[in-house]
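The values are calculated or read from the model by the stated rules, or taken from the named source; none is laboratory data. A quick note: this is a predicted structure, and the numbers were derived from the prediction, not measured. Here the Cβ is made from the backbone with ideal geometry for all residues, glycine too, and neighbour counts use every protein chain on show. Just so you know, the surface numbers come from the protein's heavy atoms only, side chains and all, with ligands and any DNA or RNA stripped out. Shrake-Rupley method; radii C 1.70, N 1.55, O 1.52, S 1.80 Å.
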Amino acid sequence: MARLRVHTFSISVDGYGAGPRQSREEPLGAGGEALHEWMFPTRTFRQMGRDKGAEGTTGVDDEFMQRGFANIGAWILGRNMFGPVRGPWPDDQWKGWWGDEPPYHVPVFVLTRHPRKPVAMKGGTEFRFVGDIDDALRQATDAAGSRDIRLGGGVSIIRQYLQARLVDELHLAIAPVLLGSGEHLLAGIDLPGLDYEVKEFVPGNGVTHVVVARRGHVRPTA
């Protein structure tokens, strides 16, 4: 069975995955971009599009970045991860944060209550819009085939899948940042009670990588 995996999800020391006052200018909220500074120099991130052709760094951080793209056949994203538009879609102009050729290269299922036609992009990415987490997971599982599904966030979506005991593996990058407010990832979630345990704890370059997984990597069936 395809596994549902979260990778390179950065949180602050005080547990926030996004800062307050998210906007188009600051999609990660005030101070939120600092959570991700560890990944910007890596070779994998640069090859995704920000600095194509730049060599980039290798080592622990880049290895964790690479893991996030290995054997992935579909993605699931919350609407905020697709774009800043709220409410009904005013038009079809917005097609994501990454330009004409996003780094996904597989079907991407975007959770939204507002229907929209699929959006095909260069490089094999197709954004498909679905209404709830169960439907998104069913469709992503079909699309992924023998490969896994990557859950890209944001915070609210990851919390929903965790509380439903549907996430098989959760990679957190804990950054030396304090945000004080915003979207807290794990508040009120009893991970041991949901049968999760820490599998890896690895210091990186200015960030600490922690991998939490369901015991046995077995997702409950409906």
Restricting the range 163-179 to residues that are in contact with a strand residue (DSSP E or B) (Cβ under 8 Å, 6 or more places away or on another chain) and part of a loop (DSSP other than H, G, I, E, B), the one surrounded by the fewest Cβ atoms within 10 Å (Cβ to Cβ) turns out to be Leu178
Filtering the range 17-47 for residues that are under 24 Å from Val202 (Cα atoms) and either within 17 Å of the chain's Cα centre (by Cα) or part of a helix (DSSP H, G or I) (or both) leaves a count of 16
Report task. Answer yes if at least one residue in the range 141-162 is part of a loop (DSSP other than H, G, I, E, B), among the polar types (S, T, N, Q) and surrounded by fewer than 19 Cβ atoms within 10 Å (Cβ to Cβ), and no otherwise. Result -> yes
Per the filter on the range 1-15, residues within 14 Å of Pro176 (Cα to Cα) and either open to solvent by 40 Å² or more (accessible area, probe 1.4 Å) or in contact with a Ser or Thr (Cβ under 7 Å, 6 or more places away or on another chain) (or both) are Val13, Asp14
Checklist entry - Out of curiosity, is Arg138 basic (Lys, Arg) and either open to solvent by less than 50 Å² (accessible area, probe 1.4 Å) or in a helix (DSSP H, G or I) (or both)? => result yes
Just checking, does the range 72-95 include any residue being assigned to a loop (DSSP other than H, G, I, E, B), in contact with a Gly (Cβ under 7 Å, 6 or more places away or on another chain) and open to solvent by 30 Å² or more (accessible area, probe 1.4 Å)? yes
_Checking the structure you have, find out if any residue of the range 36-57 is closer than 26 Å to Ser181 by Cα and surrounded by fewer than 16 Cβ atoms within 10 Å (Cβ to Cβ)._
yes
Checked Gly131, Gly96 against criteria (under 23 Å from Ser10 (Cα atoms), among the small types (Gly, Ala, Ser) and touching a Ser or Thr at 6+ places or on another chain (Cβ under 9 Å)); the one match is Gly96
